[in-house]
Amino acid sequence: MALFDKSSSGEAAPKELNDHVQKEPVQQDVEVGEIKEENKYAYDDSRKLGITGAVFLILNKMIGTGIFSTPSSIFAATGSVGVSLMLWVIGGFLTFCGLSVWLEFGLAIPRSGGEKNYLEHIYRHPKYLATCVLASQMILLGFSSGNSLAFGRYILYAAGNELKDSYRARGIGVACVTFSVLLHSVAPKWGIRLFNVLGIFKVAVLVFIVFSGFAALAGRRLVPDPHNFDNAFAIESGEGYGGGGAYAYSNALLNIVYSYKGWENANYVLSEIRDPRRTLTIAAPLAVGGVTILYVLANVAYFAAIPKSDLATSEVIVAGLFFRNVFGDSAGARSLPAFVALSNLGNVLAVSFAHARLNQELGKEGLLPLSRLWGSNKPFNSPAAALFLHWLVTIIVLLAPPPGPAYNFIVNLYTYPGAWINSFVAAGLIYLHFQTKEPWNPAWRTWLPVIVIFLLMNAFLAIVPFIPPADGDFWADGYPYYVFPVVGVGVLILGGIYWTLWTKFWPAVRGHKIVAERIVDDEGVEVIRYRKVKTRVA
């Protein structure tokens, strides 16, 4: 039975959300606030991504630090080898469910911005609220901190230095994200080329781990057989693993979601993809299917060579311990973690590329303070200012947590609010399938059970982190268990506060109203501009 159903009815034209629609060229006078400035926002076809580029864009976002780092927390939460492996399989299935939902929306509303466009289409009242909430989440929590931190720790591990979190590792992480942002700003074509090359490289590293795991299963390792597959589905408790209850399982799923995250990456930059219908329907399932197979086999490899207690307490450097147990502690073996660090760099490049484009879309629309700055392509015909905004948030989140288990906290903080957003997107798609007021006939239709599964999974991830751990250890990671869900929800609420100030308070004080205007360019692509329209004479 196929997971997806691709219809031939063509793209569904979304109902207008705006107050005005007009035809204008791509290069135009764009009013942000009450000031006009000419900005060129279009990219030529030489800069657009085809199937290969889209596959690597998704691969680079998906294969980052997650598969090389999070398996330790998955096993620590479950205490079972078999259950851990099943969770990775379930994670791949749920990713395909989410991918189908995003394909349906993306081909019906083919604009850059991802779920921003989908929420705007569904939740039109109160006007602009969904936009502000999502903007808050994307800007404040759309960082590359976890990947940058893992890059620093793997570099130090390869050099034979400390294994624990430290500000030395974070300093290297700062250099990593700074390099990525500068490259995308000054030489954007080379930025794309580099993450394409690193996409091939990181797949090669993961395949190398998989085949090394087969060798470990055959006895080719430098440590005794850990016997992890004996009675694999037994749930045990030991040093650093087991006994966490529903809270621990929700954390495990959040970490798996983080590891698979990136399947939606192409939807953020649809305006930079050639022939989105053909490109997405080929590239996205191909990338997600390949990654799912590699992830499951990589976990088998880890369990074949790393004892349970070592795995549960390894934090970020799971792949580093695997290389040491299989190849020893020679200089050549220590260089292998450096290859993992390079794959992390590819992930930082891909994340900064995609999130900066989303920041730029918000700026182009006039939604943010200093919108002209964030929406500009000056001075290198690249979103340099939007990249700087991504860099700034990444640096703050990277350096703010105290030394300790910061990686898991950053991962949970990055992933958690997305569960709320995904829940609302899935619920909205169910509504669109059953409502009769306007036609919804997309080029790709998702089966209702697939949408429901995706909705229930995200609702579980959104609610369960507020339930205390079963073992009663509220400070297991050095901070209260409820910190990341509270902060995540707080960021979403902050978006609501901004909406109140932007659409209610300041308009009442200054005598204007916010008007959304859709502009259709010469290529038929719709973009939104938010304008301030005077309602009274000052």
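The values are calculated or read from the model by the stated rules, or taken from the named source; none is laboratory data. The shown structure was predicted, so the numbers you read here are calculated from the model rather than taken from an experiment. Cβ coordinates were reconstructed from backbone atoms using ideal geometry, including for glycine residues, and neighbour counts include every protein chain displayed. The area values use the complete protein model at the heavy-atom level, side chains included, leaving out ligands, DNA and RNA. Shrake-Rupley method; radii C 1.70, N 1.55, O 1.52, S 1.80 Å.
A few points about this structure:
- Taking the centroid of alpha carbons for each part, the stretch 80-146 and the stretch 271-309 are 17 Å apart.
- Environment charge at Gly82 (Cβ cut-off 14 Å; Lys +1, Arg +1, Asp -1, Glu -1): -1
- Placing R0 at 35 angstrom, the Cβ-Cβ distance between Asp225 and Ala175 gives a FRET efficiency of 0.30 after rounding to 0.05.
- Space enclosed by the convex hull of the alpha-carbon atoms of the stretch 247-353, per residue, Å³: 133 Å³
- Ile273 long-range amide H proximity, modeled H, under 5 Å: Leu49
- Scalar couplings 3J(HN,Hα) for the stretch 380-395, obtained by applying the Karplus form with A = 6.51, B = -1.76, C = 1.60 to θ = phi - 60°, are 10, 6, 8, x, 4, 5, 5, 5, 4, 4, 4, 4, 4, 5, 4, 5 Hz; x denotes Gly and Pro.
- Given R0 = 22 Å, the distance between the Cβ atoms of Thr313 and Tyr479 translates into a calculated FRET efficiency of 0.75.
- Simple spin-label estimate for Val186 and Phe466 gives 4.8 nm between the two label positions (7 Å along the Cα-to-Cβ direction from each Cα).
- Straightening the chain between Leu456 and Thr535 buys 24.0 nm, computed as 0.36 nm per residue apart minus the Cα-Cα spacing.
- Per-peptide packing, taken as the mean over residues of other Cβ atoms within 10 Å, places 60-66, 341-347 in the sequence 60-66, 341-347 from highest down.
- Relative contact order (%) - the stretch 361-516, alpha-carbon pairs under 8 angstrom, separation at least six: 17 percent
- Chain lengthening between Arg124 and Ile396 when straightened (0.36 nm per residue, less Cα-Cα): 94.6 nm
- Which of Leu141, Leu494, Leu194, Leu456 is most accessible, then next, and so on - probe 1.4 Å: Leu456, Leu494, Leu194, Leu141
- Fully extending the segment from Val207 to Ala508 would add 102.4 nm, taking 0.36 nm per residue of separation and subtracting the current Cα-Cα distance.
- Taking Cβ atoms as reference points and 15 Å as the exclusive limit, the residues near Phe327 contribute a net charge of +3, counting Lys and Arg as +1 and Asp and Glu as -1.
- Reducing the stretch 344-384 and the stretch 147-207 to their Cα centroids gives an inter-centroid distance of 20 Å.
- Using the 1.4 Å probe convention, the accessible area of the stretch 301-395 works out to 27 Å² per residue with neighbouring protein chains retained.
- Where GluC sites (Glu not before Pro) fall in DSSP loop in the stretch 303-368, at most 11 other Cβ within 10 Å: none
- Low-density loop positions, GluC sites (Glu not before Pro), the stretch 214-284 - DSSP coil, at most 12 other Cβ in 10 Å: Glu239
- Spin-label pair Asn441/Leu370, simplified geometry with 7 Å Cα→Cβ offset, distance in nm: 4.7 nm
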